[in-house]
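Peer 1: There's a structure below that I have some questions on.
The values are calculated or read from the model by the stated rules, or taken from the named source; none is laboratory data. Remember, predicted model here, so these are calculated numbers, not experimental data. Here Cβ is always computed from backbone atoms with ideal geometry, including for glycine, and neighbour counts include all displayed protein chains.
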Amino acid sequence: MNIEKRNAGYRAAESVEDGMVVGLGTGSTAKYAIKKIGERKKEEDLDIVGIPTSVETEKRAEKAGIDLVELDKADKIDLTIDGADEVDPEMNLIKGGGGALLREKIIAHNSSQYIVIVDASKMVDVLGESFDLPVEILSLWQEGTMDHLEKMGCKAQIRKENDAFYKTDNGNNIVDCKFGPIENPQELSRKLNSLPGVIEHGLFLDFADKIIIGNEKGFKEKF
């Protein structure tokens, strides 16, 4: 058990209220929030529904006893709780290490409140310091898209799993882009959004309402 991640996840789960539709994140920190939400649902008889950001999260939520609804059948998303790979001082994020960035961004965009849960190792001065930027691309123009990404100034590496191309839940490929420190994430986001072949990227800018940073003794919160 990772105490820091658990403390962040458990704290975020306290924000869930009766009657909510909750976006459920993917990854090693989000799993603690899902576990605690499931426990609260049972112990407090909460009427809550979850929207999973990945197949992995769907299975985890079902095991925790959380009722689920498909994204396009939900009238609202009151709250989403998710992790991040990096967080900068302006609460901008890099996400996508777990491969669920497209669904995660759709759910984040449609959420009334977005809480990010991390441990202190994910807090950085500048995005890109220690984590490559994941970019989800169409497989039919993989090489061409990678060439264009490298012309933007990165070293592009196609993600693999068990010696085969990694496939997202949506059937696409992911390129991990080493840009180094990203001094202007807004500009890079605009460039990536305009590139044919790019489906989505891991820059989550101006989404987070609150960051919960878990530590051994408890947590800190940043708004």
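Peer 1: If I ask for residues that are assigned to a helix (DSSP H, G or I) and either more than 18 Å from the chain's Cα centre (by Cα) or touching a residue at least 60 places away in the same chain (Cβ under 8 Å) (or both), which ones from region 1-16 would you list?
Peer 2: The answer is Ile3, Glu4, Lys5, Arg6, Asn7, Ala8, Gly9, Arg11, Ala12, Ala13.
Peer 1: Evaluate the following for Ile213: is it among the aliphatic types (A, V, I, L, M) and buried (at least 21 other Cβ atoms within 10 Å of the Cβ)?
Peer 2: In short, yes.
Peer 1: Take region 131-170 and flag every residue that is among the basic types (Lys, Arg) and part of a loop (DSSP other than H, G, I, E, B).
Peer 2: Of everything in region 131-170, those that are among the basic types (Lys, Arg) and part of a loop (DSSP other than H, G, I, E, B) turn out to be Arg159, Lys167.
Peer 1: Name the residues in region 121-149 that are loosely packed, with under 13 Cβ neighbours inside 10 Å, farther than 21 Å from Gln186 by Cβ and not small (Gly, Ala, Ser), would you?
Peer 2: Leu140, Glu143, Asp147
Peer 1: Restricting to region 73-109, and then to whatever is assigned to a loop (DSSP other than H, G, I, E, B) and over 14 Å from the mean Cα position of the chain (by Cα), can you tell me which residue is nearest to Pro52 (Cα to Cα)?
Peer 2: This residue is Ala74.
Peer 1: Out of the residues in region 119-130 that are of a type in the set (Gly, Ala, Ser) and not in a helix (DSSP H, G or I), state the one that is nearest to Arg6 (Cα to Cα).
Peer 2: Ser130
Peer 1: Can I ask one more? Do the conditions hold for Thr80, that is, is it within 16 Å of Phe204 (Cβ to Cβ), of a type in the set (S, T, N, Q), touching a residue at least 40 places away in the same chain (Cβ under 8 Å) and buried (at least 19 other Cβ atoms within 10 Å of the Cβ)?
Peer 2: yes
Peer 1: Next question. Is it fair to say Ile117 is surrounded by 14 or more Cβ atoms within 10 Å (Cβ to Cβ) and in contact (Cβ under 8 Å) with a residue 60 or more places away in the chain?
Peer 2: yes
Peer 1: Do we find that Ala12 is of a type outside the set (Val, Ile, Thr), modelled with pLDDT of 95 or more, touching a strand residue (DSSP E or B) at 6+ places or on another chain (Cβ under 8 Å) and closer than 25 Å to Met123 by Cβ in this structure?
Peer 2: On the way: of a type outside the set (Val, Ile, Thr): yes; modelled with pLDDT of 95 or more: yes; touching a strand residue (DSSP E or B) at 6+ places or on another chain (Cβ under 8 Å): yes; closer than 25 Å to Met123 by Cβ: yes.
For Ala12, the condition - of a type outside the set (Val, Ile, Thr), modelled with pLDDT of 95 or more, touching a strand residue (DSSP E or B) at 6+ places or on another chain (Cβ under 8 Å) and closer than 25 Å to Met123 by Cβ - is met.
Peer 1: In region 171-188, which residues are over 14 Å from Leu140 (Cα atoms) and not charged (D, E, K, R)?
Peer 2: Residues satisfying the conditions are Cys177, Phe179, Gly180, Pro181, Ile182, Asn184, Pro185, Gln186, Leu188.
Peer 1: Let me ask something additional. Can you go through Lys160, Lys222 and tell me which one is touching a residue at least 60 places away in the same chain (Cβ under 8 Å) and farther than 20 Å from Ile107 by Cα?
Peer 2: Within the list Lys160, Lys222, the selection yields Lys222.
Peer 1: Considering only residues that are part of a loop (DSSP other than H, G, I, E, B) and closer than 14 Å to Ile107 by Cβ, which ones fall in region 21-65?
Peer 2: Residues satisfying the conditions are Gly25, Thr26, Gly27, Thr53, Ser54.
Peer 1: Sort through Glu221, Glu187 and tell me the only one that's charged (D, E, K, R), loosely packed, with under 13 Cβ neighbours inside 10 Å and part of a helix (DSSP H, G or I).
Peer 2: Answer to the check: Glu187.
Peer 1: State which residue pairs qualify: first residue polar (S, T, N, Q) and inside region 53-72, second residue assigned to a helix (DSSP H, G or I) and at pLDDT 95 or above in any location, beta carbons under 6 Å apart, and separation of 6 or more residues or different chains.
Peer 2: Thr53/Arg103; Thr53/Glu104; Thr53/Ile107
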